[in-house]
1. Residue 135 - would you say it is more than 20 Å from residue 64 (Cα to Cα) and in contact with a strand residue (DSSP E or B) (Cβ under 7 Å, 6 or more places away or on another chain)?
2. Do you know which residues across segment 51-65 are closer than 11 Å to residue 196 by Cβ and out of contact with any His (no Cβ under 9 Å at 6 or more places or on another chain)?
3. Just the residues that are over 38 Å from the mean Cα position of the chain (by Cα) and more than 21 Å from residue 502 (Cβ to Cβ), please, taken from segment 359-380.
4. Which of (1) over 44 Å from the mean Cα position of the chain (by Cα); (2) surrounded by 17 or more Cβ atoms within 10 Å (Cβ to Cβ) is the odd one out, the single condition residue 423 does not satisfy?
5. Give me the residue from segment 60-78 that is in contact with a helix residue (DSSP H, G or I) (Cβ under 9 Å, 6 or more places away or on another chain) and within 27 Å of residue 24 (Cβ to Cβ) and, out of that set, surrounded by the most Cβ atoms within 10 Å (Cβ to Cβ).
6. Take residue 63 and tell me if it is touching a residue at least 24 places away in the same chain (Cβ under 8 Å) and charged (D, E, K, R).
7. What do you reckon, is residue 335 surrounded by fewer than 17 Cβ atoms within 10 Å (Cβ to Cβ) and among the charged types (D, E, K, R)?
8. In this structure, is residue 177 surrounded by fewer than 19 Cβ atoms within 10 Å (Cβ to Cβ), in the same structural domain as residue 195 (by TED's automatic domain parsing) and over 17 Å from residue 240 (Cβ atoms)?
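The values are calculated or read from the model by the stated rules, or taken from the named source; none is laboratory data. What you are looking at is a predicted structure, and each value in this text was computed from that prediction instead of being measured. Virtual Cβ from ideal backbone geometry, glycine too; neighbours counted across all protein chains shown.
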Amino acid sequence: MATSPNFLESLIEADLAQSPDRALQTRFPPEPNGYLHIGHAKAICLNFGLAERFGGSCNLRFDDTNPSKENVEYVEGIQRDIEWLGFQVEGHTFYASDYFDKLFSWCLGLLQKGAAYVDEQSLEEIRAGRGSLGKPGLESPFRERPVEENVALFKRMRDGDFEPGHCVVRAKIDMAAKNLLMRDPVLYRISNAHHHRTGDRWCIYPTYDWAHGQSDAIEGVTHSICTLEFENHRPLYEWCLEQVGVTDPPKQIEFARLNLSYTMVSKRKLLPLIEGGIVSGWDDPRMPTLAGMRRRGYTPEAIRAFAAEVGVSRVNGVVDMVVLENALRDDLNQRAPRRLGVVRPLKLVIENYPEGESEELDAVNNPQDEAAGTRKVPFGRELWIEADDFQSEAPRKFHRLTPGREVRLRYAYYVTCTGFECDDDGHVTEVRCSYDPETRGGDSADGRKVKGTIHWVSANHAIDAELRLYDHLFASADPAAIAAADDVKQHLNPDSLEVVCAKLEPSLASAAVGEPFQLERQGYFCADDDSTPERLVLNRSVALRSSWAKIEEREKASQGS
C-alpha cells in the first residue's frame, strides 16, 4: 500500500523539480568518538534511504575534528554498523580531515577580510562574555585587532607556538544577536592531540560549525539533513558558506531525533557504566548501541522496519520501546526456527513408559513457514518440564499439570499426573505421570480434549546452556530524566540481566553465533560469542508478545473449531 510522503520527501521532491538536472546528494556525518546507537540508525536509514528513493547518493563522512576523543576502532565500528544495516557506501569514505588545508585557507581568508579574529581570552571568559537570551554579550578586548596581527597569530597557532587554551579564532558576527550561536562563535582551537589520520601535522582543529557546512559544499551535498537541536546552528551554517563564497549552498533541514523509552544514548553518560564494569562493553546486549543490539539478536531488517514505522516529523516525542520490540518480533516470527527448551527445569518421570527406551518425534520448525518442514526430537521416560507448569494445588483457571489432570506434551503424548515428590523444604523435585500411547503426536483417537499443553526436553538427550535474560538497562521510561541525571546509575534497572541454566533440545548444540531461533513459550534467542564448544551461551533477544495463557486460549479455540 502506497504511503504519503513525509515532509522531508515533499521538500526534496519540490527542490528537485526546480532543478531537474541536479541529483540528490545527502550525507551521514558521525563523529568517530564512540559506537553508533539506535538514534543513529534512524539517521542512517533516512539519509541513505532518501538517496536511494530519489536516485541520488549518500556520503559517509567522518567528522574527525576532535582527535582527543577519536580513534580507528570507532571508525571501523561505524563502517561495520552501516554495512550491517544493509547500506553500501558509494565510492570512498570521506573525512572532514580531507579538507583541513582548505578549511585553514578559508579561515585565513576570513581573517584577511576582517570577518574573524584571534581571541586570547580563556574559554571561561568567552563563555561568560556571550551573555544570555535576555542580555547581549560583551565584545572581546581582542575583537578589533589589526588584520595583519590576526593573520600572523593564526599562522603561529598552526605552527605550534601556543599551548592549548592560549587563543582561539572567532568569527566576527554580532555579540547582540538573539541567536547566541551567532555571538562570535569559535572557529578554530588548539589541540596537541595525535590525529588518527593526519598524525601530528596539525595542532589546530576546526570546530563542527566551521567544518560541517564547508565539507558539505565541497562534496556537493544538496540537502544537509540533521536533527532539531541543530536548528539554531542553521544561520551560522549559512553564514559560513556565504563568507567563503559558496553560490549554490546545501540546504539544511531538521527533523526530530529519535527518543526511545527506557533508553539513554549519551556516550559521555554511558562510558562510566563500561568503566565501572556495570556493563561488559559497548556491545553489551543491554546497551543502545547497534553493536549491542546486534549481539543481542536484533536484525537489520527489524531496525529498518522500526525506522520506517516511526517515520520523521518536526515534533519531538518519545517512542515506546514496545514499537522497537514488536518490529523484531514481527521479523523473527517469520524466519526464526522453533526449538524446545526448559528455562527452569523440573524432572518429570513417565512411569508407564518403557525404561531404557526412547523414540524420535516430529516437531514443526516454523508454523509461519511451511517450507521449513519438521525435525526429529528425542523423547524418553524422563523429561524436563518448566517448574511453573506444575502446581500441587492449582487454582481453577490453571490448565497445566496438577495431580489427576491430563495435559498434552507438545508434539508428543497426553500424560496424566499421578504424583510428585518434594525435598525437606517442601519444594517439588519430581513429578510422576502416566502416558497414553495412543495419543502419539499430541492428538487423541477417541476425540477427547485437554485444556493444557506443556513443553519438555528429553532428560537423557538435553544439552545445558546459560541463558541471559535481558530487560531494560534503565528503570526510568523517560530518556530526558536519565540524560539529565548527574549520575545515571541512579536510574539503572537492577533486574536488567538474569542468568539461568537451561535444558535444551540437542539440535541447539550446533547453534551458530547470532543466528536467531525461538524457544517456544520463552522468546527469541541467539547464541552469544561468549559460547565455546563446552559451554553454550544464549541471549534472549526479545520475549514473546503474548503470554502463554493467551496462547493456550487460542489453542483451545482452534481445537474446539
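1. no
2. Answer for segment 51-65, where residues must be closer than 11 Å to residue 196 by Cβ and out of contact with any His (no Cβ under 9 Å at 6 or more places or on another chain): just 62.
3. If the condition is that a residue be over 38 Å from the mean Cα position of the chain (by Cα) and more than 21 Å from residue 502 (Cβ to Cβ), then 359, 360 are the ones that fit.
4. Evaluating residue 423 over (1) over 44 Å from the mean Cα position of the chain (by Cα); (2) surrounded by 17 or more Cβ atoms within 10 Å (Cβ to Cβ) leaves (2) as the failure.
5. Looking at residues that are in contact with a helix residue (DSSP H, G or I) (Cβ under 9 Å, 6 or more places away or on another chain) and within 27 Å of residue 24 (Cβ to Cβ), I get 64.
6. Here the answer is yes, as residue 63 does meet what is asked.
7. Considered against the rule, which asks whether it is surrounded by fewer than 17 Cβ atoms within 10 Å (Cβ to Cβ) and among the charged types (D, E, K, R), residue 335 comes out as yes.
8. So residue 177 does not fit the description; no.
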